[in-house]
Amino acid sequence: MTDLASLLDAEPVVATAGVDLLADALEAQGVAVARAEWRPPPATAVEALAALAADDRRSDANRVALDRLLAVRPHLVDIVTARDVIPALTEGTFLHAGPPIAWDDCSGPLRGALIGAALYEGLADDVEAAAGLGPSLHLSPCHHHRTVGPMAGVVSPSMPVAVVADGAGDGIAYATLNEGLGKVLRYGAFDAEVIERLRWIDRVLAPTLAEAIRHAGPIDLGVLVAQALQMGDDGHNRNRAATSLFLRQIGAALLEGNAPLEDRAAVYRFVDGNDHFMLNLVMAAGKLAVDAAAGVSGSSLVTVMARNGTEFGIRLAGTGDAWFTAPAPVVDGLFLGGYSAADANPDIGDSAITETVGLGGFAMAASPAIVGFVGGTAAGAIGRTLEMYAITLAEHPRYRIPILEDRGTPTGIDATLVVRTGVVPQINTGVAGRRAGVGMVGAGLVRAPIGCFVDAVNTLAAGAIRP
Amino acid sequence: MIDQVELVTGRYFDSVRLMQVTRDVNDVVGVEASLVAMATELNLRLLEEMGFDRAAVAAAGPDDLLIAIRATDPDAAASARTAAEHGLAGPVAVVGDGAFTTPSPHTVEAAARTNSANLALISVPGPHAFVEAIGALRAGLHVMLFSDNVTVEHEVALKREAAARDLLVMGPDCGTAIVNGVGLGFADAVDPGPVAICGASGTGIQQLCCLLDAAGVGVRHALGTGSRDLSAEVGGTSTLRALAALDADPAVEVIVVVSKPPDPEVAGEIERMVATCATPVVVALLGGGDVTLERAAASAIAALGVPATEWPAWTPDEPLVARPGVLRGFFSGGTLRDEARAIAAAALGPVAIEPTADGHRLVDFGADEFTRGRAHPMIDQSLRLDALSSAAEPVTGVVLLDVVLGYGAHPDPAAELAPVVADLIGAGVPVVVSLCGTRRDPQGREQQAAALRSAGAEVYLSNAAAAQRAVALIVEGSG
């Protein structure tokens with residue numbers, strides 16, 4: 001029986017969008033009705049949404065981009081010096097999180113991190129001199145260089161970076177090594193202790209860990225993250241399980257290493273003492289995936305969500321190198337010790353790469369321990385994850401959520417669905433202090449601003465074939 | 001000021017939970033600062049930065065719980081300690097039974113996934129309708145597009161997409177459909193039966209359903225096609241597909257096609273399709289005064305071999321008294337108005353449709369100009385009631401109006417109309433009503449007719465009969 005014939009063969013089962021009265025009238029006849037809670041998209045996006053909906057090449061483009069994103073198999077293979085693998089990192093050049101930004105527009109934590117990095121690189125002898133260099137520094141987004149950085153995301157030429165390579169392709173991505181919590185460079189702190197820790201990371205952590213990684217063999221980060229989700233991580237605000245799993249994987253290799261015993265012990269203690277150690281590596285794994293999906297003409301898949309502390313920016317697979325930005329929102333969060341919302345900087349960091357690949361806020365249901373960020377109930381956390389399925393193209397085949405009967409996490413944000421439904425991505429994130437040098441003040445949840453999605457959809461629509 | 005630093009061993013809590021507890025403790029009146037945290041190096045330094053005495057907990061390690069409180073007085077400190085314990089002891093506040101709620105779908109295709117729907121009924125404002133409709137088609141759903149103000153380009157694109165997927169688009173601007181006895185939009189309650197209707201007009205379909213119902217003939221399907229379907233641009237796509245499907249349905253014994261006169265080329269295609277149908281097809285192309293919905297219904301009834309019937313009418317105890325003047329019509333159904341206009345124009349000469357025109361005029365209150373930003377007059381009669389209550393002008397010879405019943409329509413239109421009708425009759429203006437309803441309509445057709453009749457109006461089930469009666473009164477009054 002054809003589709004049309006089958007419509008006429010039985011009572012219809014109806015889905016409605018629009019006037020409730022018409023759905024009421026169906027229910028009065030005993031007909032099963034599913035109602036969409038339809039709401040109008042922003043007026044500036046209406047024509048673009050129609051143009052994109054009419055162009056049937058888009059669903060194919062999205063499938064291609066999504067397949068590429070999901071095909072990536074991220075493996076941690078090495079730790080090297082940034083300048084050796086990122087050609088742009090010449091002296092005086094610094095990478096940062098989020099969309100492009102000039103020194104004058106940098107927020108406190110990003111300035112603080114740049115000051116710290118200038119000191120670390122030996123470009124200045126003291127804080128004032130380093131701050132004075134600010135306007136002359138060459139700044140470039142991490143995302144332009146196959147790199148991601150949490151919070152301020154500053155990468156300078158002599159910093160060690162982890163190398164994450166695609167086991168199923170030839171992609172590669174980089175991320176710095178996580179420094180821990182509290183007063184750290186990525187949160188904009190730059191005092192002597194911060195700089196000394198960075199030097200230790202370069203001198204001891206990086207080579208010792210690199211030897212262990214090479215000895216243990218490539219570490220499959222995809223499998224590691226999949227396991228961590230089963231153990232209560234979200235992959236963004238909670239990486240405790242992943243960090244523990246990582247230590248188990250390299251433990252024996254570390255024991256068998258050639259570095260001095262006290263260095264190997266210090267490395268073990270450092271990673272063990274930093275629940276967020278895996279965050280940077282999860283981010284690099286995400287970067288590898290979204291870079292594979294980038295550059296698919298016509299695709300509305302979101303490949304980047306990143307913040308520089310001033311602006312929130314996104315990129316789509318189908319809009320080339322363009323960034324679409326809106327003012328960075330303020331995080332709704334819980335605060336450390338004596339800090340409060342008044343101390344918080346607007347949202348910052350490349351770490352929303354995790355949400356872009358189905359982790360973090362999108363995997364909230366997997367992480368009951370951090371439900372404090374969503375009103376304090378596990379039900380709320382599950383609700384948040386379920387909400388994200390409305391704007392994603394797929395359920396992740398490997399990242400699964402036990403409490404949702406092992407359903408895959410909502411993965412692959414479609415910008416047109418965001419604009420059409422008004423459901424914006426939710427991001428779990430840390431909160432940096434507003435003033436340079438303060439460091440971390442809290443953590444919480446933030447919603448991506450819809451404006452950048454509207455702009456992105458309009459740009460994408462300019463290339464659509466209209467009916 | 002009191003500083004109180006305490007170490008609790010053997011209790012572990014996750015950091016986020018402890019941040020919540022800290023927040024709760026900070027909220028206690030008289031608390032200046034607090035830190036409830038596992039005694040990691042990071043948190044111990046935070047303690048120090050906050051000005052607490054770190055030495056007091058020199059032996060602390062990351063497995064110990066740190067509770068530091070700074071309060072204005074001992075009572076506040078004690079309350080804070082209680083708040084900390086309460087936060088640590090109890091379950092985190094549980095709302096309801098702890099069960100999670102599934103978020104509402106926001107698109108029609110997302111809604112359809114929740115009940116495996118096969119038909120989408122879309123009534124969002126016109127500029128948004130295309131996105132929902134194409135989404136529904138790509139999800140494999142047939143579409144009834146109630147929305148108006150959809151561009152013809154979008155209509156063509158939707159119907160092309162539907163044809164490629166063997167789906168049907170009813171609309172845009174499709175007010176009425178019946179699928180397997182289920183009414184969609186404004187639809188009358190019909191008995192199951194052998195007739196299928198395919199039409200570009202909502203109230204035209206409703207009138208046919210009512211007339212057939214009066215003859216005891218049921219309707220299996222009524223598929224709307226959208227008012228532009230038979231234009232050259234759209235090319236009759238939905239009409240042709242609907243006809244083919246209805247012809248293939250073994251339970252359909254007669255098909256009625258009702259439309260405004262089509263584009264000549266499209267008309268040719270429809271004729272060719274009709275010629276190939278195994279099922280008898282009655283074609284009613286409205287526009288001339290001689291093609292009426294009444295005749296189309298009669299033809300269908302005859303094709304079935306059912307005896308012809310007289311269409312019901314309800315006449316008041318006091319007969320209407322003709323008076324000189326012009327015809328004034330107040331309609332909610334566009335096709336009903338058009339049919340009445342064709343009949344009136346044949347007898348009376350020009351009949352205007354503009355609401356302020358002099359002379360004979362028949363106004364459709366369901367037209368776009370009256371429905372922008374408000375509900376259709378079948379649901380919200382207020383505009384029409386206002387116009388009717390000022391209709392008793394000296395120039396008015398007859399008032400003609402329609403009342404459309406069925407699912408989706410006003411639950412009791414006669415209750416609002418009867419007092420206005422009574423006033424008109426009282427002022428000497430004869431009132432004729434075209435009542436479009438079936439015996440099973442939720443408003444109760446007989447009660448509606450009785451209320452209008454009691455108010456003094458003549459009530460006709462057949463719209464053509466009502467129009468003819470109104471014309472006769474004008475002629476009589478001017479004679």
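Details
- Counting Cβ atoms of other protein chains within 10 Å of each residue's Cβ and taking the mean over peptide B:182-194 gives 3.
- Couplings 3J(HN,Hα) for the range A:161-170, derived from phi with the Karplus relation 6.51 cos²θ - 1.76 cosθ + 1.60 (θ = phi - 60°), are 10, 6, 10, 10, 10, 7, x, 10, x, 10 Hz, where x marks Gly and Pro.
- Point-to-point label distance, A:L261-B:T151, nm (Cα→Cβ direction, 7 Å offset): 7.8 nm
- FRET efficiency, 1/(1 + (r/R0)^6) with R0 51 Å, evaluated for B:A275 and B:S382 via beta carbons: 0.60
- Amide H contacts for B:I379 (H built 1.01 Å from N in the peptide plane; partners 5 or more residues away or on another chain; cut-off under 5 Å): B:H410.
- Cubic angstrom per residue, convex hull over Cα atoms of chain A: 162 Å³
- Cα centroid separation, the range A:267-328 to the range B:44-70: 36 Å.
- Across chain A, Cα pairs under 8 Å and at least six residues apart give a relative contact order of 21 percent.
- Each residue, B:A367 and A:E128, gets one label point 7 Å from its Cα in the Cβ direction; the gap between the two is 8.0 nm.
- For chain B, alpha-carbon Rg relative to the globular expectation (2.2 N^0.38 Å, N residues): 1.50
- Put simply, the amide H of A:A32, placed in the peptide plane, has neighbours under 5 Å in A:V14, leaving out anything fewer than 5 places away on its chain.
- The distance linking the range B:266-308 with the range B:314-363 is 26 Å (Cα centroid to Cα centroid, whole angstrom).
- Within 10 Å of the Cβ of each residue in B:34-43, the mean number of Cβ atoms contributed by other protein chains is 3.
- Computed from Cα positions, the angle between helix B:74-89 and the longest principal axis of chain B comes to roughly 60 degrees.
- Distance histogram for the range B:371-431 (every C-alpha pair counted, 10 angstrom bins, percent rounded to whole numbers): 21, 50, 25, 4
- Placing a label point 7 Å from the Cα of B:D73 along the Cα-to-Cβ direction, the residues of the range B:1-45 whose backbone N falls under 15 Å of that point are B:1-2, B:29-32.
- Contact order normalised by residue count of the range A:294-363, Cα under 8 Å, 6+ apart, percent: 32 percent
- Quick note on the range A:240-378: its Rg to Rh ratio, both from C-alpha atoms and Rh being the Kirkwood radius, is 1.05.
- Database remark: amide H of A:G169 closer than 5 angstrom to the amide H of A:R73 (H placed geometrically; neighbours at sequence offset of 5 or more, or on other chains; Pro and chain starts carry no H).
- Each principal axis of the Cα atoms in the protein assembly as shown has its own extent, and those three values, largest first, are 116, 65, 48 angstrom.
- Degrees, to the nearest 10: B:463-478 long Cα axis against longest axis of chain B: 60 degrees
- Nearest 10 degrees, 0 to 90: helix B:202-214 Cα axis against chain B principal axis: 60 degrees
- Taking every residue in B:16-25 and counting other chain Cβ atoms within 10 Å of its Cβ, the average works out to 5.
- Length gained when the stretch B:D412-B:S454 is fully extended (0.36 nm per residue, less Cα-Cα span): 13.6 nm
- Within chain B, longest stretch free of exposed GluC sites (Glu not before Pro) [DSSP loop, at most 16 other beta carbons within 10 Å]: B:1-232
- Cα gyration tensor category, rounded, prolate or oblate, for the range B:305-434 with a/c compared to 1.5: rounded
- Cα-derived Rg over Rh, computed across the range B:231-388 with Rh taken as Kirkwood radius: 1.03
- With neighbours defined as other Cβ atoms within 10 Å of a residue's Cβ, the residues B:V475, A:V331 order from fewest to most as B:V475, A:V331.
- Prolate/oblate/rounded call for the range B:430-469, Cα gyration tensor, a/c under 1.5 rounded: oblate
- The overall shape of the range A:369-453 is oblate: from the C-alpha gyration tensor, with semi-axes ordered a ≥ b ≥ c, the ratio a/c is 1.5 or greater and a/b is no larger than b/c.
- Under the criterion of Cα pairs below 8 Å and six or more residues apart, the relative contact order for chain B equals 11 percent.
- Label point distance in nm, A:E405-A:D105, each placed 7 Å from Cα along Cα→Cβ: 4.7 nm
- Cross-link partners for B:K159 among the lysines, with Cα-Cα distance under 30 Å and sequence neighbours closer than 8 places in the same chain left out: B:K260.
Rule-based calculations on the coordinates, nothing more; no lab input. Not measured: the values here are computed from a predicted model. FYI the Cβ positions are ideal-geometry reconstructions off the backbone, even for glycines, and counts take in every protein chain you see.
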